[in-house]
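Undergrad: Before anything else, here's the structure in question.
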Amino acid sequence: MRAHEAGWAHAAVSVRGPAWLREPADANALVPQLWSSTARKVDGVLEVGGVRLTDLVAEHGSPAYVLDEADFRARATAFRTAFSSFDVYYAGKAFLCTTVARWIVEEGLFLDVCSGGELAVAVRAGVPAERIGFHGNNKTEAELAEAVQLGVGRIIVDSFHEIERLTRLTRELGRTARVLIRVTAGVEAHTHEYIATAHEDQKFGFSISSGDALDAARLIAAVPGLELLGLHSHIGSQIFDSSGFEVAARRVLALHAQISDEVGVVMPEMDLGGGFGIAYTTQDDPTDPAQLAIELTKIVTEECRAREIAVPRLSIEPGRAIVGPAMCTVYEVGTVKAVELDAGAVRTYVSVDGGMSDNIRTALYDADYSATLASRSSDAPVLLSRVVGKHCEAGDIVVKDEFLPGDLVPGDLLAVPGTGAYCRSMASNYNHATRPPVVVVSAGVARVVVRRETVDDLLRLDVDELQPMED
Ligand code: LLP
C-alpha cells in the first residue's frame, strides 16, 4: 500500500520543498518556458514534435533523450539572427552528434569543439574545417597536428606549451594556423552573480593581470606560421544577465588595444564565449538572445569608441541555450516509495529506469530540474516527490523536488525537460548502465540519431583473459 492510500497524503505534502517551488495549478499542464516549443499534452500524454512519448517509448524503449528538431533549429536561428553581426559558434560540448553538427552548418552557425573526439564528429558530419573552432587547455600533439592539417578556422591557444607545439607543428607541416588567445579576465559569472577579482585561480587561459596574455601575444606575433586573430574570453555558465560580460569585455578590449599599441598587431576578431542561461525550473528567468545581442554589442562598441579602436568581428559560443531546452528525457517509473521523515512527514521517492548515469548534473552541481507525468492524466492530489535513479548511490537523484500526482504507479512515464545540455555528453556507464539513445522527433516522426548502448557494446571493451568456456 502506498502512503497516500494509507491516508498520509496530508502529512506527505507537509514536507518542505525549496521556497521557490509552488504546487502546480494544474498538474496535467506543462509550464511552457521549461519545454521545447512543440511539447504539449493531449489527454495527459506528452507529445513532442508531434510524437506521443508513449509511442516513442513503445518503439525505442526508455529511458530516452528526446530531441525536438524544430526547437533546436529555431534556437540556433534565433542566435544567428539576433547576433547577425557576430559569428555564432555552437559549443559542441553541450551535446554533439553528427546529425546535430549538420544542423548547425545548415542553420549558418559555426562549431566549437574541445577534443579530438568532438573534432572527429565534426569531420564525420562534413563540417567545413574553416567553420570549426578548436578549444582545450591540454590539446595533445596529435590533436593539434590534426587540427593544423585539416586547416580548422581557429585554434584557441591556452598555454605557452601549446604555443611551442604549434610553432613546431606549423613549421614541420608547412602550414599556417589561425589562433585566438584564451584569456582569463578575472571574472567568473554564474546565474545572476558574477565575481570580478584580480586573481584567477583556475586552469584555463592566460591571465591578463599577470601579463601572461600580453606575453603570449608577443610570442605568437613573432611566429611566421601563426596568425593572431584575436582574444577569447569565457566567463562561466548559466549566466542570466550581461553584467559579467561587461566587466570581462572591458578588460579584454583594454588588452586588445594594448596589443595593437605595443605588439603592433591589430587583431580582427574577439570572442566573448558562451554561458547563456536557460530555465530549468520556474525560478529561472533567462534573458532573450535578442536582448543579449543588443547589450553585448553596445558594451563593445562603446568601449571601442572610447579607446578609439576599430570594433573587432565578434563571436560567441552558446551551447546550453541552444540544445538545453530542445531535449527532454523520458523515463519509466519502476517503484514508488513513501519514506517517513521527521514529525510524520513523508517524502515520495519515485524511482525511474535511469539516473545519474544519464543526468549527472543534479548530483554534481546540485542542479534543479522539474518533471511531469507523461503517459496519462491524473486527478490525484499532488505529492512533493523526489525522482531518483536506479544506481547504487543515495545521491542518485534526478529531480530533487517536484509536485507529482499522488497515484503514480510502476509503468507510468515521467519526462524531465531541459536535459539537452551536458546530460548525454556527460553520461556514464556507472553500474554498467547502457547509455540511452537520442531520438529526434519532428513532424510526427521519431528517428534514432544516437542509438542505445547495449551490454554487448560494454562487453566489447572488456578484455577477457580466460578462454571462452566450452559447453
Ligand atoms: N565556450 C567555452 C570556452 C566553454 O568552456 C563553454 C563551456 C562554452 C563555450 C559553452 O557554454 P554554455 O553556453 O553551454 O554554457 N558541465 C557543466 C557546464 C560546463 C561548461 C564548460 N564550458 C554543466 O553541466 O553545467
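Undergrad: Could you give the alpha-carbon Rg of the range 187-344 over 2.2 N^0.38 Å, rounded to two decimals?
TA: 1.36
Undergrad: Could you work out the equivalent-ellipsoid semi-axes for the range 19-90, taking the square root of 5 times each eigenvalue of the Cα gyration tensor, largest first, in whole Å?
TA: Here the semi-axes work out to 28, 19, 11 Å.
Undergrad: I would also like to ask the following. How are the Cα pair distances of the range 304-459 distributed, in percent, across 10 Å bins from 0?
TA: All Cα pairs considered, the percentages come to 10, 34, 30, 13, 7, 5, 2.
Undergrad: Per residue, how much accessible area does the range 68-323 have with a 1.4 Å probe, in Å²?
TA: Dividing the accessible area of the range 68-323 by its residue count gives 40 Å².
Undergrad: Oh, and also: Two-decimal Rg/Rh of the range 32-164 from alpha-carbon positions, Kirkwood Rh?
TA: Rg/Rh: 1.08.
Undergrad: OK, next. How big is the Rg/Rh ratio for the chain, C-alpha atoms only, Rh by Kirkwood, two decimals?
TA: Over the Cα atoms of the chain, Rg/Rh equals 1.02.
Undergrad: Can you classify the range 263-331 as rounded, prolate or oblate using the Cα gyration tensor, where a ≥ b ≥ c are the square roots of its eigenvalues, rounded means a/c under 1.5, and otherwise it's prolate if a/b beats b/c and oblate if not?
TA: prolate
Undergrad: Only helices at least 15 Å long along their own axis, judged from Cα atoms, and with Kyte-Doolittle mean hydropathy of 1.0 or greater: name those in the chain from DSSP H.
TA: Once both thresholds are applied, nothing remains.
Undergrad: Among the lysines, which fall within straight-line cross-link reach of K139, defined as a Cα-Cα distance under 24 Å, with same-chain neighbours fewer than 8 residues apart omitted?
TA: Result set, ordered by chain and number: K93, K203.
Undergrad: For the range 68-323, which semi-axes, largest first and in whole Å, follow from the square roots of 5 times the eigenvalues of its Cα gyration tensor?
TA: With the √(5λ) rule applied to the range 68-323, the semi-axes are 26, 24, 16 Å.
Undergrad: Another question about this same structure. Under a cut-off of 29 Å between alpha-carbon atoms, report the lysines in cross-link reach of K337, not counting same-chain residues fewer than 8 places apart.
TA: K41, K390, K400
Undergrad: Rank T191, T184 by accessible area, highest first, at a 1.4 Å probe radius?
TA: Most to least solvent-accessible, the answer reads T191, T184.
Undergrad: Percent of Cα-Cα pairs more than 13 Å apart in the range 166-211, please.
TA: Roughly 65 percent, once rounded to a whole number.
Undergrad: Also, I was wondering about something else. Can you give me the % of accessible surface on the chain that is carbon or sulfur? Probe 1.4 Å, all protein chains present, nothing else counted.
TA: Of all accessible area on the chain, carbon and sulfur atoms account for 50 percent.
The values are calculated or read from the model by the stated rules, or taken from the named source; none is laboratory data. Because the structure is a prediction, the values reported are computed rather than measured. Just the protein is used for accessible areas: all its heavy atoms, side chains included, with ligands, DNA and RNA removed. Shrake-Rupley method; radii C 1.70, N 1.55, O 1.52, S 1.80 Å.
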